[in-house]
Amino acid sequence: MTKTVLITGSTSGIGLGIAREFAKAGYQLALNGLETNGAEIANAVGAEFGVKTFFSNANLLQPDAIETFVREAVNALGPIDVLVNNAGMQFVSPVEDFPTAKWDAIIGLNLTAAFHTTRHVFKGMKARNWGRVINIASAHGLVASEFKSAYVAAKHGLVGFTKVLALEGAPHGVTANAICPGYVDTPLVRNQIADQAKTHQMSEEDVIAKVMLVKHAVKKFASVESLGALCVFLCSEHADLITGTALPVDGGWSAQ
Ligand code: NAD
């Protein structure tokens, strides 16, 4: 039976990379994101891999929009077997100056939205005795950096939420895991490298090694393909016992 995966924030960056790996493995995709060409991106992935897709531009800061997104995805593709909570955002500021609206949005998107998507699919997963929840946290779900209070709080919260889901899902064949990437090679990060190289008058190689990847023991970015492949593995029969984990893909950052 063809399985269906719902991935939030999947018309850009890591989410799109994850979507492509699931499509390659034959899954039907429910995609989501705020990119204005999101529907085209979803159609292109579906056409490339010959799988059925559904797209929603639901704003995940709105619980009603999340409910509609999940309902419409189920109507279009059938029950959700795999949920990947990927959408996230970042803002950097000393805590005393942190804008409260930014705090609310970061907690809302990185943590609360995952609660809402999960509560709409979890009952069905339990009833069907199989399901997978994968939360894209961050190395910042395991360790902190200064000036990232909301992001670090949200990602640590997401790791805690994952553990609870693992316990509640365990009697019903439902696993839940968090993936904790270090820096990932996305177009956004590539643009940041180019900007920093200009600002600091450094080569892009030096920016990568001395600025961006200073906390990685392995001086390499994670790839969106490797994160997608890990998600697909977590849905395989070999991963039945992997649950409640926070898996670092961070080049040894969190080992220090
Ligand atoms: P990105 O900005 O490229 O993509 C984010 C996606 O979320 C986009 O599709 C965007 O439209 C969508 N989105 C944003 N706000 C939304 C909203 N309110 N409603 C619906 N969709 C919304 O980001 P990315 O770098 O691919 O990051 C994806 C996830 O990975 C995030 O949770 C991020 O915290 C995490 N992460 C990223 C890195 C990295 O180096 N890029 C490292 C660790 C963890």
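The values are calculated or read from the model by the stated rules, or taken from the named source; none is laboratory data. Quick caveat: nothing in here was measured; it's all calculated off a predicted structure. Note that each Cβ is placed from the backbone with ideal geometry, even for glycine, and that neighbours are counted across all protein chains shown. The protein model used for the area step is the full one, side chains on, heavy atoms only, and it has no ligands, DNA or RNA in it. Shrake-Rupley method; radii C 1.70, N 1.55, O 1.52, S 1.80 Å.
In degrees between 0 and 90, to the nearest 10, how far off the longest principal axis of the chain does helix 38-49 point, with axes built from Cα atoms? On a 0 to 90 degree scale, this one is about 70.
Evaluated over the chain, the count of Lys pairs having alpha-carbon atoms less than 19 Å apart is 15 (only pairs 8 or more residues apart or interchain). Ordering Pro187, Val174, Ala47 by the projection of their Cα atoms onto the charge dipole of the chain, which places +1 on the Cβ of Lys and Arg and -1 on the Cβ of Asp and Glu, puts Val174 at the extreme positive end. Across the options Ser138, Trp253, Ser203, the greatest Cα extent toward the positive end of the charge dipole of the range 112-256 (unit charges at beta carbon of Lys, Arg, Asp, Glu) belongs to Ser138.
Peptides 235-241, 3-9, 144-150, ordered by how many other C-beta atoms sit within 10 Å of their residues on average, highest first, read 3-9, 144-150, 235-241.
Protection proxy ranking of 111-117, 174-180, by the mean of other Cβ atoms within 10 Å over each peptide's residues and highest first, is 174-180, 111-117. Relative to the dominant Cα principal axis of the chain, helix 113-128 is inclined by about 30°.
Take the chain with all the other protein chains still there, run a 1.4 Å probe, and you get 47 Å² of accessible area per residue. Name the residue farthest towards the positive end of the dipole of the chain from the options Gly78, Phe91, Ala30, assuming +1 on Cβ of Lys and Arg, -1 on Cβ of Asp and Glu, about the Cα centre. Checked the options; the winner is Gly78. Taking all protein chains as present, what is the carbon and sulfur share of the accessible area of the chain, in % to the nearest whole number, probe 1.4 Å? That fraction is 56 percent.
Only Lys, Arg, Asp and Glu carry charge here, each on its Cβ (+1 for the first two, -1 for the last two); on that basis the range 162-256 has a dipole of about 300 debye about its Cα centre.
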